[in-house]
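What follows is a single structure, written as structure tokens, with notes after it.
The values are calculated or read from the model by the stated rules, or taken from the named source; none is laboratory data. Note that the structure is a prediction, hence the values are computed from the model and not measured. Because the Cβ atoms are built from the backbone with ideal geometry, glycine has one as well, and the counts that use them run over all protein chains shown.
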Amino acid sequence: MNNILCLETSTDICSVALFNEGNLVTFRETKEKNAHSARLTVMIDELMQEAGLDYKGLSAVAVSKGPGSYTGLRIGAGVAKGICYATQIPLIAVSTLESIAYEVARQKEGMKWEKAPVIVPMIDARRMEVYKAIYDACGQQLKDVEAEIIHENSFHSFDCPIILAGDGAAKCRPLFSDNPQIIFMDNILASALWMGPIAHRKLTVGEIENTAYFEPFYLKDFIAGIPKVKGLK
């Protein structure tokens with residue numbers, strides 16, 4: 001049996017899911033900010049107990065590879081690697097943006113369009129910047145991941161419907177409130193719920209990572225903030 005544990009830690013929401021042959025078995029999620037380090041392993045243990053599955057019964061661990069939060073991605077990768085080392089099972093990396101695009105495509109499957117839409121999953125960076133990529137209506141990638149500051153003319157080159165999804169999409173609503181070409185599906189956020197079918201396909205074709213050398217796709221280098229000390233200017 002193909003049991004894959006999926007970990008999504010690239011945004012403020014931390015989630016885990018167990019899939020069997022690409023079908024969801026059970027799921028855990030926390031929306032508490034900065035709780036990844038405290039909650040991730042606890043949720044995994046709860047999930048495994050609920051499923052009645054020992055860690056040795058896993059076929060692989062899939063982890064979100066980003067782009068996204070530097071700290072969140074590091075935590076997810078570290079936990080995923082630890083499980084893979086301990087159980088000697090493969091590590092699978094799933095693009096955060098691809099999994100969002102996959103779910104949008106799944107929900108819109110069967111819809112009839114005058115022109116097929118493009119899907120633009122977005123991860124919130126800061127201010128009006130997002131990490132994004134562009135996919136076709138079937139979830140196939142058309143344009144590479146990039147960081148972009150979104151403005152009114154960001155999508156002027158497209159003559160088809162544009163579906164914006166992910167936690168970076170919501171802040172774009174004021175920019176495109178009068179643009180009928182833009183469709184918002186910002187309720188579809190990064191989640192372990194969407195990772196299973198992609199991870200199952202990758203495992204089936206042998207698209208696995210070198211556990212020792214795997215690093216998340218941060219897109220940008222981490223810049224540490226300088227802590228403020230009371231009384232100092």
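Can you name the residue in segment 4-40 that is in contact with a helix residue (DSSP H, G or I) (Cβ under 6 Å, 6 or more places away or on another chain) and among the polar types (S, T, N, Q) and, of all such residues, is farthest from Gln88 (Cα to Cα)? In this case the residue turns out to be Thr30. You will find that of Ile119, Ile123, Ile89, the residue that is in contact with a helix residue (DSSP H, G or I) (Cβ under 7 Å, 6 or more places away or on another chain), free of Cβ contacts under 8 Å to residues at least 60 places away in the same chain and within 23 Å of Glu207 (Cβ to Cβ) is Ile119 and no other.
For the residues Ile100, Ile83, the requirement of being more than 19 Å from the chain's Cα centre (by Cα) and not in a strand (DSSP E or B) singles out Ile83.
What about Thr30, is it of a type in the set (S, T, N, Q), closer than 27 Å to Ala133 by Cβ, assigned by TED's automatic domain parsing to the domain that holds His200 and in contact (Cβ under 8 Å) with a residue 60 or more places away in the chain? Answer is no for this residue. In segment 151-175, how many are over 21 Å from Met111 (Cα atoms) and aromatic (Phe, Trp, Tyr)? Within segment 151-175, residues that are over 21 Å from Met111 (Cα atoms) and aromatic (Phe, Trp, Tyr) number 1.
State the number of residues belonging to segment 15-27 that are touching a Ser or Thr at 6+ places or on another chain (Cβ under 8 Å) and either in contact (Cβ under 8 Å) with a residue 60 or more places away in the chain or surrounded by fewer than 18 Cβ atoms within 10 Å (Cβ to Cβ) (or both). The total comes to 3. Taken over segment 91-123, the residue count meeting the criterion of being surrounded by fewer than 20 Cβ atoms within 10 Å (Cβ to Cβ) and under 23 Å from Val63 (Cβ atoms) is 2. Among the residues of segment 186-218, those identified as in contact with a Leu (Cβ under 7 Å, 6 or more places away or on another chain) and outside any helix (DSSP H, G or I) are Asp186, Ile208, Glu209, Thr211, Phe214, Pro216, Tyr218.
The set of residues in segment 139-162 that are outside any strand (DSSP E or B), surrounded by fewer than 13 Cβ atoms within 10 Å (Cβ to Cβ) and touching a Phe, Trp or Tyr at 6+ places or on another chain (Cβ under 9 Å) contains only Glu152.
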